[in-house]
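A short worksheet on the structure shown next.
The values are calculated or read from the model by the stated rules, or taken from the named source; none is laboratory data. The structure displayed is predicted, hence computed values, not measured ones. A quick note on method: Cβ atoms are made from the backbone with ideal geometry, for glycine too, and the neighbour counts reach across all protein chains shown.
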Amino acid sequence: MAIVITGTGSSIPSNRVTNADLASRVETTDEWIRSHTGIGARRFAADGAVTSDLGAEAALAAISKAGKTPADIDLIVVATATPDYFGFPSTACIIQDKIGAVNAAALDVNAGCTGFIYGLDVAGSMLASPSRKTALVIGAETLSRIADWNDRATCVLFGDGAAAFVLEKADDADGRGLLNSWLRAKGSGHKSLYLSQPERTKTFERVGDCGKSPAIIMDGKAVYMFAVKAITDTIEALLAESGFGLEDFKWIVPHQANARIVQAAAKRFGIADDHIYMNIEEYANTSAASIPIALDEMSRKGLLKKGDLVMAMGFGAGLTYGGVIIRW
């Protein structure tokens, strides 16, 4: 049994914010942002929009591309670090209602920027059940809502967006589909990248500033060092487990966190720039949405052909990391 991708779709907010635009609000410059990250612009969701709105739009696009209807979906897995509600209900349940996927189970996956990679593995594994045939995996984020706009080192990094894949079981797929996945975590680094919030350590007393909005806290140096090693470890593990060589891959698609991180890792392996797909200059870091946005964009541009071998990898809060090999 193969798990194949039969449809992709994305939701990119129309509100484009350049580095120069941000420089009018934050003490920064276009030159500093570009030289440190490779980012030139990002998209912010419209006022009033939430993560499920972006996720639902991407989901419907992917379902249409797959030639399905929402009623055909048996499972919805949403990868997000910015759910509509922190805690419950899951954003997947809200999207299930918004798109009318009346027959679908629904759950969220919280693995930070590796979330979509984890989500693919979760959905692929759950499709092993005889009762499930079709799954929807969505990466959706509204990071602009949790950015600390007083922290110029982090607020310039993030953007909003969503993308979705339809996965289906197939008996004869000519070797296409999800071939290998490799997932890991390094929980000892959880304080390197986290969302600030009041402590919950007492039963009858709330500790901390309960009126303060949650915000991203990041140790940039620690995350950079972790990410470079995470990419290296993921590539080595996927090659060892799959038996493929780097020369077999048409594309390597990393999480779009920082162009400098990707370039440092690519240099270790001697990977040519034209084999790595990057769109961070236009969209910035969209966390769990970055990998599916990139792959959907590649598909729409005609860069992905049937049978192409693709390696995608993520790394982020948790800390988590991992990758997947797909025969497109």
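Between a first residue in segment 41-56 that is closer than 10 Å to S11 by Cβ and a second residue that is modelled with pLDDT under 95, which pairs have beta carbons less than 8 Å apart while being 6 or more apart in sequence or on different chains?
Sorted first by the residue in segment 41-56, then by its partner, the list stays empty.
I need the full set of residues from segment 244-265 which are surrounded by fewer than 18 Cβ atoms within 10 Å (Cβ to Cβ) and part of a helix (DSSP H, G or I), in order please.
Residues satisfying the conditions are L246, E247, D248, R260, Q263, A264.
How many residues does segment 101-147 hold that are acidic (D, E) and farther than 26 Å from G48 by Cβ?
1
Select from segment 38-56 the residues that are buried (at least 19 other Cβ atoms within 10 Å of the Cβ) and part of a loop (DSSP other than H, G, I, E, B) and list them in ascending order.
Scanning segment 38-56 gives G38, I39, A45.
With the requirement that a residue be under 16 Å from the mean Cα position of the chain (by Cα), polar (S, T, N, Q) and surrounded by fewer than 24 Cβ atoms within 10 Å (Cβ to Cβ), what does segment 266-301 give you?
Those that are under 16 Å from the mean Cα position of the chain (by Cα), polar (S, T, N, Q) and surrounded by fewer than 24 Cβ atoms within 10 Å (Cβ to Cβ): N279, N285.
Identify, from the list G100, G87, G119, G139, the residue that is farther than 21 Å from G314 by Cβ and either in contact with a helix residue (DSSP H, G or I) (Cβ under 9 Å, 6 or more places away or on another chain) or acidic (D, E) (or both).
On inspection, the qualifying residue turns out to be G100.
Mind checking which residues of segment 162-214 are farther than 19 Å from F116 by Cα, of a type in the set (S, T, Y) and modelled with pLDDT of 95 or more?
Of everything in segment 162-214, those that are farther than 19 Å from F116 by Cα, of a type in the set (S, T, Y) and modelled with pLDDT of 95 or more turn out to be S188, S192.
Would you mind listing the strands (runs of 3 or more DSSP E) fully within segment 108-206 where at least 3 residues are closer than 16 Å to P83 by Cβ?
134-142, 160-170
Kindly list the number of the only condition in (1) in contact with a Phe, Trp or Tyr (Cβ under 7 Å, 6 or more places away or on another chain); (2) under 19 Å from M311 (Cα atoms); (3) among the aliphatic types (A, V, I, L, M) that fails for I217.
(2)
What's the total number of residues in segment 266-287 that are in a helix (DSSP H, G or I) and touching a strand residue (DSSP E or B) at 6+ places or on another chain (Cβ under 8 Å)?
Going through segment 266-287 one residue at a time, the tally reaches 6.
Taking segment 92-128, which residues are in contact with a strand residue (DSSP E or B) (Cβ under 7 Å, 6 or more places away or on another chain) and of a type in the set (K, R)?
If the condition is that a residue be in contact with a strand residue (DSSP E or B) (Cβ under 7 Å, 6 or more places away or on another chain) and of a type in the set (K, R), then no residue fits.
Given A312, A294, which one is in a helix (DSSP H, G or I) and not assigned by TED's automatic domain parsing to the domain that holds L157?
Just a single option satisfies the conditions, and that option is A294.
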